[in-house]
Amino acid sequence: MQFLWRHVAELVGKGIGASVLAEFFIYAVFSLVPMALPLAILLASLMTFGNLGENFELTAMKAAGVSLFRIMRPLMIFICMVCISAYYFSNYVLPVAQTKLWTLIFSLRQKSPEFDIPVGEFYSGISGVNIYVREKSDKLLKDLMIYDFSGGFDNATVMVADSGRVQFSKDNKYLLLSLYDGESFENLKKQNISSSVLSVPYRRESFKLKEILIDFDTEFSRFDESVLKDQHVSKNFSQLTESIDSVSIIADSRAKSQGNEIVKGHFLGRESSYSLNNNKKQTFNKKAANSDSLFLSLNQEAMERASNYAIDKAKTMKELISYNKMLLEEPVKYVLRHQIERHRKFTLSFACLIFFFIGAPLGAIIRKGGLGTPVIISVVMFIIYYIIDNTGYKMAREGLWTAYEGMWLSSVVLLPIGIFLTYKAAIDATLFNSEQYSKVWNQFLQKYKYFINKSSGLKIGIK
């Protein structure tokens, strides 16, 4: 639903057929698998082991000498197969689905809206033109008012007509608007008119028939998928690695050449000559020179010249660094996006494995099946995972963290939780028993009261 509302503007009012809509939703389903699969595994494992625990089947198996890991072994093998399948899905299926999805979205954005002029309100479905119709009968429009802003607001054209008719060209790429018995008012500001004739600021025209041809492509034309061939969403692991290596070489060579240029042309370590008093020039080695003593040896006029020269050089250096940064920004972002997408191929599989080792032991501990408690716990755990994963992704995307730090943040946080829950379930720990926590709290209060009383008695004795 979130995905649908994000792209509802591309779908509503475009006259899209059912086949195109079905294709759109199929590609959307494929793109949502990386988010839905870990949640599905978490919920399924919680419900499965929760039902086993609620019906005392886990207790019976453990009483027969079967350990929790042996009970989980078949499902662990199955989850490993799911993780491998998830990697292949992310590497081969998802790039194709995302390429087709975004190509379809771009095509829908360029699709003209369905032509249906309402009665009693302005229709703005045509770019640069607003049409107002007071009444419609069959294919005849009555009492029309048209504002044409295609030439800009200052060069607007206003047309009114008693009636009109709309027709499409045979190729459905143009709209022929026939107006009957009307007038048009055109602003003449776009023409270079001398001040002597500015007493007529617009042109008025009366007509019996006026025909207007407007660009309005109603056909649904697809973009070529090749427009996304260089985007990170359309590449598998090997293609991402190849792109990262090639662009990294370009970025590194560009950065190295920029650094050498700055060091050779603007930093210390070269022979230079400066204009001193009486317009005499003195050559010296900057490594051996003391800049403070050199500056103080100048007269006031030379000091001002040297200061202004230094300020100009600093501004030039700042502009050069900004320009070099701009040249490096695009390849660096390109490499970063590809690195993030490459790590994403593995984080989906690992997230499925982690959520199984969270859901299975958690279900064995809480011993609640059905859709009640497992759904609540699954949603809470998945929200935590989603927030952490989104935070890491954004930090990596902005370049604040490296790609592997941002993309593996959620796995690093949730993996200890899975290990802890698995250990507690293996030793039959009552992790969510309220009586146990009440007992621990009462023991803490007793020790606290004992410590307070002992401290008070010690103070009285000292006094």
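Pairs are defined by a Cβ separation below 6 Å, a sequence spacing of at least 6 or placement on different chains, a first member in segment 17-45 that is under 20 Å from Leu104 (Cβ atoms), and a second member that is at pLDDT below 85 and surrounded by fewer than 17 Cβ atoms within 10 Å (Cβ to Cβ); the pairs so defined are Ala28/Phe3. Can you find a residue in segment 431-447 that is closer than 30 Å to Pro374 by Cβ, modelled with pLDDT of 85 or more and among the aromatic types (Phe, Trp, Tyr)? No: zero hits. Here Val332 meets each of (1) outside the structural domain of Met72 (by TED's automatic domain parsing); (2) over 30 Å from Ile250 (Cα atoms) with one exception, condition (2).
Filtering segment 322-378 down to residues that are charged (D, E, K, R) and more than 18 Å from Trp401 (Cβ to Cβ), which residue is modelled with the highest pLDDT? Once the filter is applied, the top-ranked residue is Lys345. Considering the conditions (1) over 14 Å from Leu43 (Cα atoms); (2) crowded, with 20+ Cβ neighbours inside 10 Å; (3) of a type outside the set (Phe, Trp, Tyr); (4) over 14 Å from the mean Cα position of the chain (by Cα), Met381 is excluded by exactly one of them, (1). Residue pairs, Cβ under 6 Å, 6 or more apart or interchain, first in segment 367-385 and assigned to a helix (DSSP H, G or I), second of a type in the set (S, T, N, Q) and modelled with pLDDT of 80 or more. List them. Once the first residue is assigned to a helix (DSSP H, G or I) and sits in segment 367-385, its partners that are of a type in the set (S, T, N, Q) and modelled with pLDDT of 80 or more give Tyr385/Ser410. Please indicate, with yes or no, whether at least one residue in segment 329-336 is hydrophobic (A, V, I, L, M, F, W, C) and within 24 Å of Ile84 (Cα to Cα). No, segment 329-336 has no match at all.
Kindly establish whether Gly392 is in contact with a Leu (Cβ under 6 Å, 6 or more places away or on another chain), surrounded by 21 or more Cβ atoms within 10 Å (Cβ to Cβ) and without any contact (Cβ under 8 Å) to a residue 40 or more places away in the chain. It is true that Gly392 is in contact with a Leu (Cβ under 6 Å, 6 or more places away or on another chain), surrounded by 21 or more Cβ atoms within 10 Å (Cβ to Cβ) and without any contact (Cβ under 8 Å) to a residue 40 or more places away in the chain.
Condition first: surrounded by fewer than 17 Cβ atoms within 10 Å (Cβ to Cβ) and more than 25 Å from Ile376 (Cα to Cα). Can you find one or more residues in segment 36-47 that meet it? Checked against the condition, which is being surrounded by fewer than 17 Cβ atoms within 10 Å (Cβ to Cβ) and more than 25 Å from Ile376 (Cα to Cα), segment 36-47 yields no hits at all.
The values are calculated or read from the model by the stated rules, or taken from the named source; none is laboratory data. Fair warning: this is a prediction, and the values are worked out from it, not measured in the lab. So basically every Cβ, Gly included, is an ideal-geometry build from the backbone, and we count neighbours across all protein chains shown.
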